[in-house]
């Protein structure tokens with residue numbers, strides 16, 4: 001899924017752990033998200049990128065992303081390259097083990113979630129199913 005832009009909610013997990021709820025980010029994705037967080041006037045030490053799963057799309061689920069000022073009390077918080085990623089408990093089962101990537105290019109730059117839990121995607125790649 002490519003997202004052209006993001007708009008702008010605790011347990012802390014190590015991004016190096018082998019937990020199935022851990023989400024990682026590439027250095028390029030983290031740097032791009034941090035630049036956007038700062039351009040929105042948010043404080044990178046407390047604000048972060050919320051990555052979540054929502055109902056929708058022809059395959060049943062789709063990804064959502066937005067900036068939040070701080071995590072919710074029950075969020076998992078993962079830090080990679082200075083970027084804080086917030087994940088709500090309901091989304092953790094669907095996106096655990098995923099990697100947030102940033103793809104640049106003439107066809108449209110954006111963020112992409114590489115999710116090992118996906119068993120099928122819709123034809124356009126905007127939604128997915130995990131079981």
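Here are some notes:
- Residue satisfying all of: in the stretch 41-69; out of contact with any strand residue (DSSP E or B) (no Cβ under 6 Å at 6 or more places or on another chain) and surrounded by fewer than 17 Cβ atoms within 10 Å (Cβ to Cβ); modelled with the lowest pLDDT among these: 58
- Any hit, the stretch 10-19, residues being surrounded by 14 or more Cβ atoms within 10 Å (Cβ to Cβ), more than 16 Å from residue 113 (Cα to Cα) and modelled with pLDDT of 95 or more: no
- Set 72, 79: member being at pLDDT 90 or above and assigned to a strand (DSSP E or B): 79
- Picking from residues in the stretch 110-131 that are closer than 15 Å to residue 65 by Cβ and at pLDDT 80 or above, the one that is surrounded by the most Cβ atoms within 10 Å (Cβ to Cβ) is 111.
- Residue in the stretch 27-38 that is part of a loop (DSSP other than H, G, I, E, B), modelled with pLDDT of 95 or more and in contact with a strand residue (DSSP E or B) (Cβ under 8 Å, 6 or more places away or on another chain) present: no
The values are calculated or read from the model by the stated rules, or taken from the named source; none is laboratory data. Computed from a predicted model, the values in this text were never measured in an experiment. With ideal geometry, Cβ positions are generated from the backbone for all residues, glycine too; neighbour counts draw on all protein chains shown.
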